[in-house]
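Data first, discussion second: the structure below is written as structure tokens.
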Amino acid sequence: MFGVRAGGAFDGERVVPGGALVLVDRGRIVGVEPGAAPAPDGCEVLEAPTGTVLPGLIDAHVHLCADGTDGSLDRIEEPGEDAMAAVIGQSLRRHLAAGVTTVRDLGDRRFAVLAWRSSAHDGGVYPAVVTAGPPITSAGGHCANMGGEAAGEDQLRRAVLERAERGVDVVKVMVSGGFATAGTQVLFCQFILQELRVVVGGAHAAGLPVTAHAHGLPAVHMAMAVGVDGIEHCSFLTDKGVSQSADDLARLADAGTAVCPTLGFAGVPPLTPAAAALLDKLGMTFEQVMEMRKRQVGQMHAAGVRVVSGSDGGIAAAKPHGLLPVSVAFLVEGGVSTVAALASATSLAAAACGLGDRKGRLRAGYDADLLVVDGDPVADIGALARPAAVFAGGRRPARAA
Ligand SMILES: [Zn+2]
């Protein structure tokens, strides 16, 4: 057994006054004691009097097969199996170094992430991986080069069944086009309503949740109409800007749909032609759109929508693996309280990943996924980007990524 004691603590939902002594045994949290509690006899304790202990972060939207360089989604078909496994391992080490102990991969190249997870890899310490397999998309649609094209109800039905049989945790479907895939349309739908019903019906019958990639307003509406469990980006975009009505937000809040807005950039990415064209149409700069997105997500949260944090990490140099603390900070800049923003990256993200009963909280019986940061992220969210110690399943990585 060992302990982690910090002067501050956030338990996944709220601040624990006076900090906490978290006791860990065989990969599990076995006790969460007051910060001033004595450690059991012989129990080694990591002391962080000026730090804060919280559950390891959960990034609900990553692309482990993408290496965090510009154009990496365009090149995703290139690496062989061994090279791809190496990329996945490196991506995961970067997340862990940033305090992320669970990721949900929503853009597998064929089933490389699934294969990595079921392989022995190197016995090292890695974040837990939840995975969708390749996103289901239309012929030539958004991220079609990941291997998830399906046209018509029969192929869509089979695509869902294949994923269920292989053992994915969630089905990802590209309802609109995406900025990263040339020739696709972010403002339009890639499927018709009945096709999407087949995907959601098939997945739910197999016990799998569905999360939908949706930028344009019609795609968000279609995803809502078929009862998806989650919506990625959820941009409510039109060619005149964001069209996010109070009525739509109330419906999302009532349905309990998990919205992962994938906020956060480390710098300005090179704009794809689709992104540049849209900025042109809107008459806005990239920075102005980012400010608009922060405010938009702040309004979603204020309306009671279940916002979960995810980074889209890996798809570009400005979207590196390990970006999640920045995504959380963007939420705060959009008007979300620090406590709610931290919950979006811990307990709420755990629930969205189907892991709410064992991850995302400091609670006895939960996995010992712990992050100690330098300072107090409740007072200053920037502290979240200063990891001092990270444990995944009670183990610390041997070296930094
Ligand atoms: Zn993505």
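The values are calculated or read from the model by the stated rules, or taken from the named source; none is laboratory data. None of these values were measured; they are calculated from a predicted model. Positions of Cβ are backbone-derived with ideal geometry, glycine not excepted, and every protein chain shown enters the neighbour counts. These accessible areas exclude ligands, DNA and RNA; they are computed on the full protein's heavy atoms, side chains included. Shrake-Rupley method; radii C 1.70, N 1.55, O 1.52, S 1.80 Å.
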Exercise for review: In nm, give the distance between the simple-model label positions of ALA182 and GLU33, each being 7 Å from the Cα along the Cα-to-Cβ direction.
Suggested key: 6.2 nm
**Study point:** Helix 152-166 axis, angle to the chain major axis (alpha carbon atoms, nearest 10°)
**Key:** 20 degrees
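Calculate, in nm to one decimal, what ARG386 and PHE2 gain on full extension: separation in residues at 0.36 nm each, minus their alpha carbon distance. Intermediate values should be presented prior to the final figure.
Numbers: separation 384, 0.36 × 384 = 138.24 nm, distance 2.25 nm.
Full-extension gain reported as 136.0 nm.
Could you grab the Rg to Rh ratio for the range 226-319? Cα atoms only, Kirkwood for Rh. The partial results should precede the final answer.
Working: Rg = 13.8 Å, Rh = 14.2 Å.
Taking Rg over the Kirkwood Rh, I get 0.97.
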Study note, to complete from the structure: Here the gain from full extension of THR238 to ASP41, 0.36 nm per residue of separation minus their alpha-carbon distance, amounts to 64.7 nm
Check your understanding: Hey, what number do you get for the chain at 222 nm if only DSSP H runs of n ≥ 4 count, each worth -39500 (n - 2.57), divided across all residues, to the nearest 500?
Key -> -9000 deg cm²/dmol
**Study point:** Computed P(r) (all Cα pairs; the range 102-208; 5 Å bins; percent)
**Key:** 2, 13, 22, 23, 18, 11, 6, 3, 1
Review point. Using just the C-alpha positions of the chain as equal point scatterers, what log10 of I(q)/I(0) does the Debye formula give at each q in 0.09, 0.12, 0.13 1/Å?
Key: -0.50, -0.89, -1.04
**Study point:** Residue among GLY322, GLY177, GLY207 with the largest mean-square fluctuation in a Gaussian network model of the chain, springs linking Cα atoms under 10 Å
**Key:** GLY207
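Nearest 20 debye, what's the magnitude of the dipole of the chain about its Cα centre given +1 on Lys and Arg Cβ and -1 on Asp and Glu Cβ? Provide the component values of the computation, followed by the final result.
Working: 33 positive and 42 negative charges, 60 e Å.
That gives the chain a dipole magnitude of about 280 debye.
How large, in percent, is the carbon and sulfur part of the accessible surface of the range 311-357 at a probe radius of 1.4 Å? Don't skip to the end; give the middle numbers.
Values: 690 of 1130 Å².
Carbon and sulfur atoms account for 61 percent of the accessible area of the range 311-357.
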Check your understanding: Can you give me the relative contact order of the chain as a percent, contacts being Cα pairs under 8 Å and 6 or more apart?
Key -> 22 percent
Practice item. Treat each spin label as a single point 7 Å out from the Cα along the C-beta direction, and report the ALA275 to ARG358 distance in nm. Key: 3.7 nm
**Study point:** Cut-off under 5 Å, modelled amide H: who pairs with ARG28 long-range
**Key:** ALA368
Check your understanding: For the range 350-401, what is the relative contact order in percent, using Cα pairs closer than 8 Å and at least 6 residues apart in sequence?
Key -> 28 percent
Point to revise | Hz values of 3J(HN,Hα) by residue in the range 137-147 - Karplus curve (6.51, -1.76, 1.60), Gly and Pro given as x | key: 9, 7, 4, x, x, 4, 6, 4, 6, 7, x
Review point. Put a dot 7 Å past each Cα toward the Cβ at SER118 and LEU161; how far apart are the dots in nm?
Key: 1.8 nm
Practice item. Cross-chain or 8 or more residues apart, Cα under 27 Å: how many lysine pairs in the chain fit that? Count them up, please. Key: 11
Practice item. Kindly express, to the nearest 10 degrees and within the range 0 to 90, the angle between helix 193-205's C-alpha long axis and the longest C-alpha principal axis of the chain. Key: 30 degrees
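So what's the convex hull volume per residue for the Cα atoms of the range 204-255, in Å³?
Numbers: hull volume 3.5 nm³, N = 52.
Measuring per residue, one finds 68 Å³ for the Cα hull of the range 204-255.
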Exercise for review: Determine the share of the range 82-223's accessible area contributed by carbon and sulfur atoms, expressed in whole percent, with a 1.4 angstrom probe.
Suggested key: 54 percent
Study note, to complete from the structure: Per residue, accessible area of the chain with a 1.4 Å probe, heavy atoms of protein chains only, in Å², comes to 38 Å²
**Study point:** Linear extension gain, ALA225 paired with GLU81, 0.36 nm per residue minus alpha-carbon span
**Key:** 48.0 nm
Check your understanding: Does anyone have the angle between helix 246-255 and the longest principal axis of the chain? Alpha-carbon axes, 0 to 90°, nearest 10?
Key -> 60 degrees
